[in-house]
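Working notes for the structure below.
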Amino acid sequence: NKPYITQHHTPTTTSRVLSECDIPTSNYDNDADMKSVKENFDRQTSQRFEEYEERIQDKRKKCKEQCDKDIQQIILKDKMDKSLAEKVEIGCLRCGCGLGGLAAGVGIIGPITVNEWTKAALLAAKSSAIAEGTTAGIKAGIEAGVSKTLSELYRIFGLDTIYGNPLKQLISVNNFNKIHILAPPFQAEYKNICLSASADMNKSICAFVGVGKDNGVEAIAANVKTAVRNAEIAVQTTTKTETARFIAEFTTEKTTAIETTASSLNTAIIASILGIVVIVIVIVIIYLILRYR
């Protein structure tokens, strides 16, 4: 067994270690080193608290500024939305009222206008049909007169040529009723065919020889006059019947066209009114949604 060594030296340094039991002790109050440590600790702690407070204040300021900015943006956006909504509401209301009035106006004035136009157009159509029918009837009557003169002269004289030309070339719309133009060619043919040395008495025109030389010439003129008179009767009869027919035909044609046009206009008006009504309904729905949202 080793003998224990007992230390007889007494330490000259003073320990600065603090223990929990030593904290309440007032022995350190007058210690200069301890005061210095406490002061440094207090100063550093205070400095850190001040820095922390500055950072907190800066963050609070930034957060407040950002919050104020966000609030202003929200308020501005809300004002803009409300302003836009109000403008849309007013626009929808005005547009709906305007279109509603337009639909009513079109619905009332449109049919009246079409009706009055139809009446005026029908009167004009009847007047036009009468004028056109009369012109067409007169033309048909003249053509019938030419045809009647041609057939009557051929029936009386039996000639289909005059001076070697077809008989129909002698008669036109300008001379079919003029005796002084039509009689001389037949009188000349009568003399050439029936009174010459080589007379062909088998011709129908030579039947006038029996009334005498001069009387035959006069008889030919009288028969031409009869043919012209019959042609004039045909002109009058045909003109009357054909004029009535053409007037009725043209009136029906023009009236049908006008009625078709009027029907199309009424259909277009109805379609326009329905379209306007649909638009008004949509606008009213939009207005109600914006108004009571």
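What do you reckon, is residue 182 touching a residue at least 24 places away in the same chain (Cβ under 8 Å) and among the aliphatic types (A, V, I, L, M)? Let's see the steps before the verdict.
Values: touching a residue at least 24 places away in the same chain (Cβ under 8 Å): yes; among the aliphatic types (A, V, I, L, M): yes.
It is true that residue 182 is touching a residue at least 24 places away in the same chain (Cβ under 8 Å) and among the aliphatic types (A, V, I, L, M).
Taking residue 226, is it of a type in the set (S, T, N, Q), more than 27 Å from residue 144 (Cα to Cα) and assigned to a helix (DSSP H, G or I)?
Details: of a type in the set (S, T, N, Q): yes; more than 27 Å from residue 144 (Cα to Cα): no; assigned to a helix (DSSP H, G or I): yes.
No: the conditions fail for residue 226.
Is it true that residue 271 is more than 30 Å from residue 135 (Cβ to Cβ) and in a helix (DSSP H, G or I)?
Working: more than 30 Å from residue 135 (Cβ to Cβ): yes; in a helix (DSSP H, G or I): yes.
Yes: the conditions hold for residue 271.
Give the residues of region 262-273 that are without any contact (Cβ under 8 Å) to a residue 24 or more places away in the chain and surrounded by 12 or more Cβ atoms within 10 Å (Cβ to Cβ), sorted by residue number.
Looking only at region 262-273, we keep the residues that are without any contact (Cβ under 8 Å) to a residue 24 or more places away in the chain, and these are 263-264, 267-268, 270-271.
Across region 262-273, the qualifying residues are 263, 268, 270.
Condition first: surrounded by 15 or more Cβ atoms within 10 Å (Cβ to Cβ), closer than 19 Å to residue 233 by Cβ and aliphatic (A, V, I, L, M). Now tell me which residues in region 152-182 satisfy that.
153, 156, 171, 179, 182
Within region 251-260, can one find any residue that is in a helix (DSSP H, G or I), basic (Lys, Arg), more than 30 Å from residue 130 (Cβ to Cβ) and touching a residue at least 40 places away in the same chain (Cβ under 8 Å)? Walk me through how you get there before you give the answer.
We begin by selecting, within region 251-260, every residue in a helix (DSSP H, G or I); these are 251-260.
Subsequent filtering for residues that are basic (Lys, Arg) retains 254.
Cutting the leftovers down to more than 30 Å from residue 130 (Cβ to Cβ) gives us none.
Checked region 251-260: no residue is in a helix (DSSP H, G or I), basic (Lys, Arg), more than 30 Å from residue 130 (Cβ to Cβ) and touching a residue at least 40 places away in the same chain (Cβ under 8 Å).
Of everything in region 193-208, what is surrounded by 14 or more Cβ atoms within 10 Å (Cβ to Cβ) and under 24 Å from residue 149 (Cβ atoms)? Give them in sequence order.
Selection gives 193, 194, 203, 205, 206, 207, 208.
For (1) modelled with pLDDT of 90 or more; (2) over 30 Å from residue 248 (Cβ atoms), each residue gets a yes or a no:
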position: 142; (1), (2): yes, no
position: 164; (1), (2): no, yes
position: 175; (1), (2): yes, yes
position: 180; (1), (2): yes, yes
position: 193; (1), (2): no, yes
position: 196; (1), (2): no, yes
position: 205; (1), (2): no, yes
position: 217; (1), (2): no, yes
position: 225; (1), (2): yes, yes
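In region 109-137, what count of residues is obtained for those that are among the β-branched types (Val, Ile, Thr) and touching a residue at least 60 places away in the same chain (Cβ under 8 Å)? Outline the logic, then answer.
As a first pass, look at region 109-137 and keep what is among the β-branched types (Val, Ile, Thr): 109, 112-114, 118, 130, 134-135.
Narrowing the set further to residues that are touching a residue at least 60 places away in the same chain (Cβ under 8 Å) leaves 114, 118, 130, 134.
Total satisfying the criteria: 4.
Determine which single condition residue 281 fails, assuming it passes every other condition in (1) surrounded by 14 or more Cβ atoms within 10 Å (Cβ to Cβ); (2) of a type in the set (Val, Ile, Thr); (3) within 60 Å of the chain's Cα centre (by Cα).
Result: residue 281 passes all but (1).
The values are calculated or read from the model by the stated rules, or taken from the named source; none is laboratory data. Bear in mind that the values here come from a model prediction, so they are computed numbers and not experimental data. For neighbour counting, all protein chains shown are included, and Cβ atoms are generated from backbone atoms with ideal geometry for every residue, glycine included.
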